[in-house]
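Below: the structure, in structure tokens.
The values are calculated or read from the model by the stated rules, or taken from the named source; none is laboratory data. The structure presented is a predicted model; accordingly, all values stated were derived computationally and were not measured. Cβ coordinates were reconstructed from backbone atoms using ideal geometry, including for glycine residues, and neighbour counts include every protein chain displayed. Heavy atoms of the whole protein, side chains included, go into the accessibility calculation; ligands, DNA and RNA do not. Shrake-Rupley method; radii C 1.70, N 1.55, O 1.52, S 1.80 Å.
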Amino acid sequence: MEPKKPFELVVREHGPTVLRVCRAVLGAHDAEDGWSETFLSALKAYPELPADANLQAWLVTIAHRKSIDIVRARNRQPVPVDELPVRPSGLGIPGDGHQDMLDAVGQLPPKQRQAVAYHYLAGLPYKDVAGLLGGTPDAARRAGADGVKALRTILVDSSVSYVKEETP
Amino acid sequence: MTIHHDEPDVSELLAPLDSVEPAVMQRLHDRLAAAAAEQHTLDIAYRTVDSPIGKLLLATTERGMVRVAFEVEDHDAVLQLLAEKLSPRILFSASRLDPAARELDEYFAGTRHQFDLPLDFSLSRGFRLSVLEHLPQIAYGHTESYAQVALAAGSPRAVRAVGTACATNPLPVIVPCHRVVKSDGSFGNYLGGTEAKRALLALEAA
């Protein structure tokens, strides 16, 4: 059995992927809270994790649960009316369509968003995605495929409207 | 970075999501280390410092400094060993080790003659521990022979074992095994290399 490596290496190796997943599932605004809670919880449980466990799948599982908690907490909070964070802040997030893409992902129904994030961003096989979302691997595959299809449509539509907006 | 090479068109579609700025990761990492320390789930924090005898790895537990390692020991290997022997809950944290880094700076500048840091000897046991506990009593600028240390540690005949204890000192520089020399006055071996031992003794003689 391979000895367990220092958690620092886990953060360095998987931190970026988990952040991509959190951004896709939670949006830019809550992604960093999701990331932090995921890694805090992972650090706590790390010594008990079997040494041969699939770290990325384990982290995505934790991120999935933490995201559910965060969404639930967010829905319980009253919506502020005098502040207007209509779009999540793009601060600290690189350009090149990143925010547009996140906005598009944010328009997907939760199951599709999660299926796209877990399968395409984190590389989880649909069997594992189904384990997280409930339902069959086929249903997870359909959610992923539908999500990708919907994204293409949203992006085409929004790029058309952006062109219009930018015309002086 | 997006995975699934069997669907390159999807990877291309999702490519804008790939970018994660190093500064963002850095901020999240620091936030994690701080929160983990607060929740007492960070068992070992570490950082490196530059010194006249090369880059030193410093590691601390909640109880105190647990490891100082020379570059020649291979810092990655040292951290791996800490993960196996003590705990894999290890994170880089410069701020947790600021006091140690400051004291070492002062020591190498010649202005500090004694370390005032809590120590965690959990990597050492038995006679080796007795030896290590004696070493801080050898004053700055002074030396003792392996035989003198054996006597002080309560086993006058265990001269070779003193050598082993010094050679496996998990806290070199801070626990001054470099102040233990051969009876004929020659330096004897040192984990950080004879040159490092010579440099430390020269610094303290200045």
Note the angle between two axes, namely the Cα long axis of helix B:194-205 and the longest principal axis of the Cα atoms of chain B, as a number of degrees from 0 to 90, rounded to the nearest 10. 70 degrees
Spacing of the two label points (7 Å from each Cα toward its C-beta) at A:Arg142 and B:Asp105, in nm: 6.3 nm
The alpha-carbon pair-distance distribution computed for segment B:126-205, with 5 angstrom bins and whole-percent values, is 3, 18, 32, 29, 14, 4, 0
Pulled fully out, how much extra length does the chain show between B:His40 and B:Ser11, if you take 0.36 nm times their separation in residues and subtract their Cα-Cα distance? 6.5 nm
Both in Å, the radius of gyration and Dmax of the C-alpha trace of chain B are 21.3, 75
Over all pairs of different Cα atoms in segment B:22-108, the reciprocal of the mean inverse distance gives a Kirkwood radius in Å of 13.4 Å
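Buried accessible area between A and B (1.4 Å probe, both chains summed, ligands and nucleic acids excluded), in Å² to the nearest 100?
Numbers: alone 10580 and 11870 Å², together 18870 Å².
Summed over both sides, the interface buries about 3600 Å².
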Given B:Leu104, B:Val68, B:Ala83, which one lies farthest toward the positive end of the charge dipole of segment B:22-108, if we put +1 on the Cβ of every Lys and Arg and -1 on the Cβ of every Asp and Glu? B:Ala83
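Inside 10 Å of the C-beta atoms of A:8-16, what's the mean count of C-beta atoms belonging to other chains?
Values: counts 13, 6, 3, 7, 3, 0, 0, 6, 9.
Going residue by residue through A:8-16 and averaging, the value is 5.
Throw me the Rg/Rh for the protein assembly as shown, computed over C-alpha atoms with Kirkwood Rh, two decimals.
Values: Rg = 27.2 Å, Rh = 24.0 Å.
We get a ratio of 1.13 for the protein assembly as shown.
Which semi-axis lengths, in whole Å and largest first, follow from the square roots of five times the eigenvalues of the Cα gyration tensor of segment B:60-142? Mind showing how you got there, number by number?
Values: eigenvalues 100, 65, 30 Å².
Equivalent ellipsoid semi-axes, largest first: 22, 18, 12 Å.
What average number of partner chain Cβ atoms lie no more than 10 Å from the Cβ of the residues making up B:83-90? It would help to have the intermediate numbers written out before the result.
Numbers: counts 9, 4, 0, 0, 5, 13, 9, 8.
Mean partner shielding for this stretch: 6.
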For a label point 7 Å along the Cα-to-beta-carbon line of B:Ala205, residues of segment B:125-140 with backbone N under 20 Å: B:138-140
Averaged over A:145-152, number of beta-carbon atoms from partner chains that fall within 10 Å: 2
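Can you compute the charge dipole magnitude of segment B:1-121 about its Cα centre, using +1 on each Lys and Arg Cβ and -1 on each Asp and Glu Cβ, nothing else charged? Give it in debye, rounded to the nearest 20.
Details: 11 positive and 22 negative charges, 137 e Å.
Rounded to the nearest 20 debye, it is 660 debye.
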Principal-axis tilt of helix B:75-85 within chain B, Cα atoms, nearest 10 degrees: 90 degrees
Give the lysines whose C-alpha is closer than 28 Å to that of B:Lys197, dropping any in the same chain fewer than 8 places away, or say none. B:Lys55, B:Lys85, B:Lys182
